[in-house]
Amino acid sequence: DIYVFDNIGPDNQAIFINYLDSWNLVGLPLEVDNPSYLAVFPDAIENTLFSFDEAYIPDSIMIEGGGYWLRFENAGTTTITGAPISELTINLSEGWNLVSGLSEEISVYSASDLDSIIIPGTLYGFDGAYFSTEMMVPGVGYWLRAFQNGEITLSSGALSTTTSRDFSLKDKANTLSIHGSELYFGVELSKKERLSYSLPPKPPVGAFDVRFKDGWRLVKDNGEVEVMSLNETLTIVYDIILNAGEHYNWVLTATSGEEYILEGSGELVVPSAERFTLELKDVVPATFTLHQNFPNPFNPITTLRYDLPEDNFVLLTVYDMLGRRVVQLVNTTQEAGFKSVQWDATDSMGKPVSAGVYLYQIQAGEFVQTKKMVLLK
């Protein structure tokens, strides 16, 4: 949140800026007497200001219209006092640029862009992960991509010259969402349109990021998913709306070799890895297999995976250690393929079960297999 106070003098104003612990994208929202980053952001960690010119460059002085990475030990607020900035001309290089705006919130679509060098949909902020936006808030830095070298002008009170567009492909493409960051796949765009689904350079080490290789948010048939994460597990939400074709499915494969089948809509909790491979694969397995649940131990949700090499009637049942049936998770005929189902640690009446060791058993034709899992509370 940004709070602006205009009552400190006829030519000055104060802007309060909230920042997160760890990395932030920041900018200079006012003309100040001392543009040193530690004068503007006194609680910042020393020697963590970086500008960008084809690579991250250590910096110490902030300039109007520039964007910067800056790191803080703890979340907090700073107060910046100075003369308001009502107009800025910003030189952009072909590719990605770190920029900031005026002393008031402004739409990137109100920029004077005479040569149409701004690639639509490529204004990105950072709030622990990259997010797409069209509004530039005072004191915040942003990534912006240009088709070519040139300049744009931001002016206070300027009206939008371009109609804003929703660049979400949620209803048009398959979606992977990790930590709120969305990736799209299964559709093909022209080379120019695809630029609107490119991502800025990766943030500094210690921040979260997810993307397809080479900085894309979108691929057609396959791609390598690159992840920067400090967590031991990742929650992956998926929505498959495009038919992969008979006997084919989208498969997400970790570097460990674990395969996760993406069918319909669902959620996976998987061990964190630096990369996954996403591809269309023939999904008829060679043998019947019941996999170990993940996570294990768990609380309160775990995923049970099994492989069916042929169409079959499947029973998947959870028992307690005394052999009493707790709940039946699957009781139906299923087509051949890699399957998964989640158990939320409730019984057949929907009541939570107690902590302990449970058995889960699959029966598919003559194939019967049982494994143990542990519920912690």
task: Show the residue pairs that are 6+ apart or on different chains and have beta-carbon atoms under 8 Å apart, the first residue being within the range 94-119 and at positive phi, the second being assigned to a strand (DSSP E or B).
output: GLY95/ARG145; GLY95/ALA146
- line: Restricting the range 134-154 to residues that are in contact (Cβ under 8 Å) with a residue 40 or more places away in the chain and closer than 10 Å to SER107 by Cα, the one most open to solvent (accessible area, probe 1.4 Å) turns out to be VAL137
message: Can you tell me which condition GLY266 does not meet? The list is (1) small (Gly, Ala, Ser); (2) more than 26 Å from GLN361 (Cβ to Cβ); (3) in a strand (DSSP E or B), and all the others hold.
response: (2)
Near pairs, Cβ below 6 angstrom, 6+ apart or cross-chain, from the range 67-84 (closer than 19 Å to GLU31 by Cβ) to any residue that is open to solvent by 30 Å² or more (accessible area, probe 1.4 Å) and of a type in the set (A, V, I, L, M, F, W, C): THR79/PHE16; GLY82/VAL32
task: Hey, can you tell me all the residues within the range 83-123 that are of a type outside the set (A, V, I, L, M), in a strand (DSSP E or B) and surrounded by fewer than 19 Cβ atoms within 10 Å (Cβ to Cβ)?
output: PRO84, GLU87, THR89, ASN91, GLY95, SER112
Test: residue in the range 35-51 that is open to solvent by 30 Å² or more (accessible area, probe 1.4 Å), in contact with a Phe, Trp or Tyr (Cβ under 8 Å, 6 or more places away or on another chain), closer than 25 Å to GLY128 by Cβ and aromatic (Phe, Trp, Tyr): yes
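Taking LEU25 as the residue in question, decide whether it is in a loop (DSSP other than H, G, I, E, B), of a type in the set (A, V, I, L, M) and surrounded by 12 or more Cβ atoms within 10 Å (Cβ to Cβ). So that I can check it myself, show each step before the final result.
Numbers: in a loop (DSSP other than H, G, I, E, B): no; of a type in the set (A, V, I, L, M): yes; surrounded by 12 or more Cβ atoms within 10 Å (Cβ to Cβ): yes.
Taking the combined requirement at face value, the residue does not satisfy it.
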message: Yes or no: the range 248-259 includes at least one residue that is assigned to a loop (DSSP other than H, G, I, E, B), among the charged types (D, E, K, R), open to solvent by 50 Å² or more (accessible area, probe 1.4 Å) and closer than 23 Å to GLY180 by Cβ.
response: no
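From the list LYS202, LYS170, exactly one residue is assigned to a loop (DSSP other than H, G, I, E, B), modelled with pLDDT of 95 or more, open to solvent by 60 Å² or more (accessible area, probe 1.4 Å) and not hydroxyl-bearing (Ser, Thr, Tyr). Which is it? Show your work before the answer.
Working: LYS170 fails: modelled with pLDDT of 95 or more.
The match here is LYS202.
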- line: Per the filter on the range 73-92, residues within 26 Å of the chain's Cα centre (by Cα) and of a type in the set (Gly, Ala, Ser) are ALA75, GLY76
- request: Quick one: which strands (runs of 3 or more DSSP E) lie wholly within the range 300-359 and hold at least 3 residues that are over 26 Å from LEU252 (Cβ atoms)?
  value: 312-320, 325-334
message: Here's a check for you: in the range 208-223, which residue that is over 15 Å from the mean Cα position of the chain (by Cα) and among the acidic types (Asp, Glu) is nearest to GLY125 (Cα to Cα)?
response: ASP214
field: Matching residues, the range 56-72, being under 25 Å from the mean Cα position of the chain (by Cα), surrounded by 19 or more Cβ atoms within 10 Å (Cβ to Cβ) and not basic (Lys, Arg)
entry: GLY66, GLY67, TYR68, TRP69, LEU70, PHE72
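The values are calculated or read from the model by the stated rules, or taken from the named source; none is laboratory data. Predicted, not measured: the structure shown is a model, and the values here were computed from it. Reconstructed Cβ throughout: ideal geometry from the backbone, glycine too, with neighbour counts over all protein chains shown. Calculation scope for accessible area: heavy atoms of the full protein, side chains included, ligands and nucleic acids excluded. Shrake-Rupley method; radii C 1.70, N 1.55, O 1.52, S 1.80 Å.
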